[in-house]
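Enquirer: First the structure, which I've put down as structure tokens, then a few questions once you've had a look.
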Amino acid sequence: DASLSAGLYNMYSGRTYTPSGFSVLCVHSEIFERPHETRLIRHPRYPYGCTHFLHPSPLFRAEVSIKIPGVPFTLSVLQRQTFKDRGDDTGFACWRASTVLASYLVVHRNTFAMNISAIELGCGVGAIVSSVAAWLGFEVDATDGSEQVLIDAQNSIDVAAQASGYTVKCIFKFEWNKEQADHLVKSRGGKKYQLILGSEIVYSLRSQSASLAHANFSQLVATLDALLADDGQILLAWNPRSQLESIFYDILFSYNLLSSPLDLNMLNLHHAQTDGIKLIRITRRFT
């Protein structure tokens, strides 16, 4: 109704509610300068991926600077919500889980071998984890399933490389399935990765069907299994959203992959940065 429309307009600085849905306008604010379109997306920070506005939170300005404790340079990331018909929006914004995972690598850097071979799945526009891993001396490949995301990720990687003097080994498009994973390993001379990294790649909403969640998690786990060296490990961080994610653990077990939770209290991060985030290590279970 009219009162709802007026209320939403005032609350969200230029967006109005219509019977057909939300109309989206370019936003110009003295506090949050974003001269570009802002759309509704699924945001992992809110319960169960509820749809809400990215704007006007300062966490989601067009350009954000991200500081990882212990890293002597700032990561500059351009977030965008301007593309039409591009499918999944989540790769175009930076999520807390990526800073948590990057911080874990820094705090526990001495537990990793120098020049360890690593790959990040779903690096997103910031490629935060990959950039920090490169600075730590890892031979890391940054990957994502979206070509447009990779264009922006390359820019973020270049900025980080200029600041740190280190860069990722390679950045390329990679979609999760066993066939592509096997092809990637073959292209590496049969060498699998000692470390697989992923933030916000374990994803299932309550509104999703169990069969779809099972299919998605099966693709993900098959990919992880095909890429992981026998003595390697997988580090995943995400904000849990649904009980359907228990399917992910069931599939891990079927592949003889063992998961264990990791403590976030040693990461030198504010509680707001870690609240609700889950971080796990996955290794092969040998019988």
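Enquirer: Select from the stretch 125-149 the residues that are touching a strand residue (DSSP E or B) at 6+ places or on another chain (Cβ under 6 Å) and either of a type in the set (Phe, Trp, Tyr) or free of Cβ contacts under 8 Å to residues at least 24 places away in the same chain (or both) and list them in ascending order.
Expert: Of everything in the stretch 125-149, just one residue is touching a strand residue (DSSP E or B) at 6+ places or on another chain (Cβ under 6 Å) and either of a type in the set (Phe, Trp, Tyr) or free of Cβ contacts under 8 Å to residues at least 24 places away in the same chain (or both), namely Phe138.
Enquirer: Only one residue in Thr111, Thr99 is crowded, with 24+ Cβ neighbours inside 10 Å and not hydrophobic (A, V, I, L, M, F, W, C), so which one is that?
Expert: So the residue among Thr111, Thr99 that is crowded, with 24+ Cβ neighbours inside 10 Å and not hydrophobic (A, V, I, L, M, F, W, C) is Thr99.
Enquirer: With the requirement that a residue be at pLDDT below 95 and open to solvent by 70 Å² or more (accessible area, probe 1.4 Å), what does the stretch 177-213 give you?
Expert: Arg206, Ser207, Ser211, Leu212, listed by residue number.
Enquirer: Restricting attention to the stretch 139-161, and to residues there that are among the hydroxyl-bearing types (Ser, Thr, Tyr) and closer than 18 Å to Ile201 by Cα, which single residue is most open to solvent (accessible area, probe 1.4 Å)?
Expert: Ser146
Enquirer: Do we have any residue at all in the stretch 237-257 that's open to solvent by 30 Å² or more (accessible area, probe 1.4 Å), closer than 26 Å to Phe138 by Cβ and not basic (Lys, Arg)?
Expert: Yes, because at least one residue in the stretch 237-257 is open to solvent by 30 Å² or more (accessible area, probe 1.4 Å), closer than 26 Å to Phe138 by Cβ and not basic (Lys, Arg).
The values are calculated or read from the model by the stated rules, or taken from the named source; none is laboratory data. Worth saying up front: this structure is predicted, and the values here are computed from it rather than measured. A quick note on method: Cβ atoms are made from the backbone with ideal geometry, for glycine too, and the neighbour counts reach across all protein chains shown. Side chains included, ligands, DNA and RNA excluded: accessible areas come from the protein's heavy atoms. Shrake-Rupley method; radii C 1.70, N 1.55, O 1.52, S 1.80 Å.
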